[in-house]
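Below is one structure, written out as structure tokens; comments come after it.
The values are calculated or read from the model by the stated rules, or taken from the named source; none is laboratory data. None of the values given here were measured: they were computed from a predicted structure. Cβ placement follows ideal geometry from the backbone for every residue including glycine, while neighbour counts extend to all protein chains displayed. These accessible areas exclude ligands, DNA and RNA; they are computed on the full protein's heavy atoms, side chains included. Shrake-Rupley method; radii C 1.70, N 1.55, O 1.52, S 1.80 Å.
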Amino acid sequence: MELLERDQPLRELESALKEALAGEGRLALVSGEAGIGKTALVEHFLRSQPKSLRVLWGACDALFTPRPLGPLYDIAAQTRGPLLRLLDGDGHRNAIFSAVLAELHEQPTIVVFEDVHWADEATLDLLRFLGRRIARTRALLVLTYRDDELSPRHPLRTVLGDLTAPGVTRRIPLAPLTEAAARELVGERRLDVAALHRQTGGNPFFITEVLKAGGGLPATMRDAVLARASRLSDSAQAVLRAAAIIGPRVEPWLLNQLTGAEAGASEECLALGMLVAHTDTLAFRHELARQTILETIRPPQKLSLHRMTLDALRALPAARHDLPRLAHHAEGAGDREATLEYAPAAARKASAAGAHREAAALYALALRYAEALSPEAHAELLDAYADECNSIDKRAAGLAARQKAAALWRELGRPVQLGETLAHTAILYNGLGNTRAAELACAEAVALLEAQPPGRALALVYRIRAGLLMLNQQNAEAIEWGERAIALAKQFNDDSLVLATQVPLGSAWLQLDYERGRQILTDAIRAAREAGQVMVAAHAYANLSSASSELYRFDIAEQTTREGLAYTAEHGHERYRLYMLAWQAMTHLRLGRWDEAVDTAGLVLQPAGVSATSRVTALAALGYVRARRGDSIAPIVLDEALELLRDMSSLHRVALVRGARAEAAWLAGDRARTIEEARAAIELALSTRHPWFAGELAYWQWRAGESVTVEDWMAEPYARQLAGDWRGAAAAWEKLGCPYEQARALADGDAEAQAAALMIFDRLGARPAAEALRERMQAAGLRVPRGPRPATRENPFGLTARQLDILALLAENLTNAEIAARLHLSPKTVDHHVSAVLAKLDVLSREAAADLARQHQIFPKS
């Protein structure tokens, strides 16, 4: 079938290749819905290149669980160099990634990674690694993916946001075909072209499937595929079913084994176009076609074909290393023993590669058959699964697994294993917001292990105990327990545990001696990165960045957060990435970047099952912004945050929420509730001598009319304002870069100061504070500057000025990449703004948003 309306994408690829061959490597992102012709475009482009130019092609598979580094196995088979040996052995991911980069440095190359929306975490990390270094090669890296399958929390979104280097990345979205192109495809056939185009949405695959089915208008693409398949002989249909079971890549030798004498009928499948031939494999023309054929296979036959595939792969030495594929077919065959053999082994390999989501899924697969295991093996499997759940921030599932494991270790009379499991259970309880349960689990673990001969397990529990104490602001005790853990770990030469304990130790010191704590954590990050202890480095990044934000050390908070987010994204540690994002939202809030605060909080709040410790911080940040802007949704947000506090006692969770609620009550004119919210946390803040939380809560008590004592250890801006020094407080807030707080202090000053405060409030969009100040100034007979007409007043949907800009460009049918270029923003930021606009307008598509905007005439004034 002729390639239509793809001249511009082909020119983009040609241009990128020309630059790559000149020594400036390029990345091309080819996107579009399923069936839009991504593969056809790339294949057409490759056919036009000289045969001397090396092409490497790897594909991601839609298996039950993606193969870690799956496309790299395809590429390694084509290079036949050291990369294949590294993958077949126990090569470290850094060595594997470096070997791939070395291949790209060897000679000019086009590398294609197909269907990266199905990529495992390790492959996504590889793509991020290559994307950042591709410019220094003579290679063109082409990624194809379905953009219609990328939900807001799809892991590929983060990777695409990182791959935005100016001049290096080409974004090549493929649009549906026009009706004119559909008419050209129909040719002389007597079909209603307009109806065909409308029914298929201009999707080239759907159009061609309808045409190849002999015309007519099947109700769905599924009907088109089945109609086409029905034209095959019985033997060819058997081959097609076997190919569908084998997977997206079909090795001819494997197909021959499954189909025997009928294997020759594969030529019939090729002739009809149901299968297509690649270099040394066969494949369905489109994955949707394979899925359609899979649905037609009767369960008994499906079991049999999976069994035959599993047996054939087991017999081939080269296939024995493809553990996820073996686990996939073992599951499909209902083979309990094989699933228990391959799924945990595949999970361990996935975890080592940083593919923690895949590891968790593979462990979950094995756990379906865990009743066949011994109690000890079952408990070990549960603990391993819980570890992966903790990494990807699925702590409720992890907690359930730990609880089952603890029950098994208790029944077995294994106190050491039980103690370790209980200690890890405490971490999960804490992440879910149940401080008391965490303390009880940890106390039981300590008691159990102190009754046993000293060992590494006891040092581990001491470390976890130190961490819980630190979170509860019992910093001196945390340091004592941390030092106990280090001393015991050193007795057993456990350097990794010594390093891990530096995190709670340094975090406790941050509150007592910030510079000392910062140095401990900075050293821990460096040492952990050098030693490959990813979890320790991620934990240290998270604690240093969040505590720095909490203590208003914003320069360090921002730098550490940038580095930490990049590191956790690269290594697949979603738990710490989300935790840092939540505190980044707080940093944005304090620095007056309210749109960014809302966007960042949304990244934390969108995924399901996020830890309560991350969610409550994001809700607090969002609640502050909503209250300061006078949004009606503020009470809902802050009520949800309060509900999460039900079982929490950590000051930096409780004080954040109570501070936000006190401010919201004040802005709503409710002094009694302002005092009530501040009182709910002030004693805890005073008892732990936290300078910022105690200062903020005391400020709200004072503002609501209560007398307060100004402690000499309170944060300077609050202490000055409580003492009546509004000018000194405003200067201190300005030095910190906190405009809203600066304006609050200026509002207590003279006429000139109040006018300056009003300008800041208006600039920030702080409507309640601005309106209250205007009323005070008018009552005092002062000249009140007329405020600007905020963009949000000119429309009934509460859009910010930036969101109005975004909406206007959506109406011009610009892509996110084009909007980003027009507004000088990153595509990732534009993605967030577009999502926010759709949510505020309560529509599902960009087109509907633009239509609604035209109806209400809410575009920004020129």
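Structure notes:
- Matching residues in the range 428-467 - criterion: being open to solvent by 10 Å² or more (accessible area, probe 1.4 Å), under 22 Å from residue 684 (Cα atoms) and either in contact with a His (Cβ under 6 Å, 6 or more places away or on another chain) or aliphatic (A, V, I, L, M) (or both): 432, 437, 440
- Positions within the range 264-282 being assigned to a loop (DSSP other than H, G, I, E, B) and of a type outside the set (Ser, Thr, Tyr), in sequence order: 273, 274, 278, 280
- Failed criterion for residue 413 (all others in (1) at pLDDT 95 or above; (2) surrounded by 23 or more Cβ atoms within 10 Å (Cβ to Cβ) hold): (2)
- Close pairs from the range 264-279: first closer than 17 Å to residue 254 by Cα, partner among the aromatic types (Phe, Trp, Tyr), Cβ under 7 Å, at least 6 apart: 275/284
- Within the range 491-503, restricting attention to residues that are open to solvent by 10 Å² or more (accessible area, probe 1.4 Å) and under 22 Å from residue 543 (Cβ atoms), the residue that is nearest to the chain's Cα centre (by Cα) is 500.
- Any chance residue 509 is assigned to a helix (DSSP H, G or I), open to solvent by 30 Å² or more (accessible area, probe 1.4 Å) and in contact with a Gly (Cβ under 7 Å, 6 or more places away or on another chain): yes
- Taken together, 135, 76 contain a single residue that is without any contact (Cβ under 8 Å) to a residue 40 or more places away in the chain and in a helix (DSSP H, G or I), which is 76.
- Within the range 548-636, helices (runs of 4 or more DSSP H) holding 1 or more residues that are surrounded by fewer than 21 Cβ atoms within 10 Å (Cβ to Cβ) and modelled with pLDDT of 95 or more: 554-571
- Hits in the range 715-740 (condition: open to solvent by less than 20 Å² (accessible area, probe 1.4 Å), without any contact (Cβ under 8 Å) to a residue 40 or more places away in the chain and either among the aromatic types (Phe, Trp, Tyr) or under 18 Å from residue 658 (Cα atoms) (or both)): 718, 733
One line per residue, one yes/no per condition, for (1) small (Gly, Ala, Ser); (2) surrounded by fewer than 20 Cβ atoms within 10 Å (Cβ to Cβ):
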{"position": "65", "(1), (2)": "no, no"}
{"position": "79", "(1), (2)": "no, yes"}
{"position": "89", "(1), (2)": "yes, yes"}
{"position": "92", "(1), (2)": "no, yes"}
{"position": "101", "(1), (2)": "no, yes"}
{"position": "114", "(1), (2)": "no, no"}
{"position": "119", "(1), (2)": "yes, no"}
{"position": "127", "(1), (2)": "no, no"}
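- Cross-chain or 6+ apart pairs with Cβ under 8 Å, the range 543-571 first and touching a residue at least 24 places away in the same chain (Cβ under 8 Å) and under 19 Å from residue 650 (Cβ atoms), then of a type in the set (Lys, Arg) and open to solvent by less than 20 Å² (accessible area, probe 1.4 Å): 549/590; 552/590
- Residue, farthest from residue 319 (Cα to Cα), within the range 333-371, restricted to residues that are in contact with a Leu (Cβ under 7 Å, 6 or more places away or on another chain) and touching a residue at least 40 places away in the same chain (Cβ under 8 Å): 353
- Within the range 674-688, the set of residues being touching a residue at least 12 places away in the same chain (Cβ under 8 Å) and either open to solvent by 10 Å² or more (accessible area, probe 1.4 Å) or more than 17 Å from residue 511 (Cα to Cα) (or both) comprises 674, 675, 677, 678, 679, 680, 681, 682, 684, 686, 688.
- Residue match in the range 689-698 (condition: farther than 21 Å from residue 552 by Cα and open to solvent by 50 Å² or more (accessible area, probe 1.4 Å)): no
- Within the range 286-323, the set of residues being closer than 20 Å to residue 344 by Cβ, in a helix (DSSP H, G or I) and without any contact (Cβ under 8 Å) to a residue 12 or more places away in the chain comprises just one member, 319.
- Residue 39 vs. criteria of a type in the set (Val, Ile, Thr), over 23 Å from residue 159 (Cα atoms) and either open to solvent by 30 Å² or more (accessible area, probe 1.4 Å) or in contact with a strand residue (DSSP E or B) (Cβ under 9 Å, 6 or more places away or on another chain) (or both): no
- Test: residue in the range 56-63 that is of a type outside the set (Val, Ile, Thr), open to solvent by less than 50 Å² (accessible area, probe 1.4 Å), touching a Pro at 6+ places or on another chain (Cβ under 6 Å) and not in a strand (DSSP E or B): yes
- Among residues of the range 410-445, those that are without any contact (Cβ under 8 Å) to a residue 60 or more places away in the chain and closer than 19 Å to residue 465 by Cβ, counted: 23
- Here is the figure for the range 788-820: residues that are in contact with a Leu (Cβ under 9 Å, 6 or more places away or on another chain) and either modelled with pLDDT under 70 or of a type outside the set (A, V, I, L, M, F, W, C) (or both) total 8.
- Considering the range 579-627, the residues that are over 20 Å from residue 649 (Cβ atoms) and among the polar types (S, T, N, Q) include one that is nearest to the chain's Cα centre (by Cα), namely 606.
- All positions within the range 342-360 that are in a helix (DSSP H, G or I), within 11 Å of residue 120 (Cα to Cα) and aliphatic (A, V, I, L, M): 350, 359
- Contact map, the range 7-33: first residue hydroxyl-bearing (Ser, Thr, Tyr), second residue open to solvent by 50 Å² or more (accessible area, probe 1.4 Å), Cβ cut-off under 8 Å, separation 6 or more or different chains; pairs are 31/147; 31/171; 31/173.
- Members of the range 742-753 that are in a helix (DSSP H, G or I) and surrounded by fewer than 22 Cβ atoms within 10 Å (Cβ to Cβ): 751, 752, 753
- Scan of the range 166-199 for residues that are within 17 Å of residue 134 (Cβ to Cβ) and exposed (fewer than 13 other Cβ atoms within 10 Å of the Cβ), ordered by number: 166, 167
- Hey, residue 497 closer than 17 Å to residue 423 by Cα and not in a loop (DSSP other than H, G, I, E, B) or not: yes
- Residue 515 meets the stated requirement of being open to solvent by 20 Å² or more (accessible area, probe 1.4 Å), part of a helix (DSSP H, G or I), farther than 19 Å from residue 462 by Cα and at pLDDT 95 or above.
- Pick from the range 239-263, criterion open to solvent by less than 20 Å² (accessible area, probe 1.4 Å) and without any contact (Cβ under 8 Å) to a residue 40 or more places away in the chain, ranking: farthest from the chain's Cα centre (by Cα): 263
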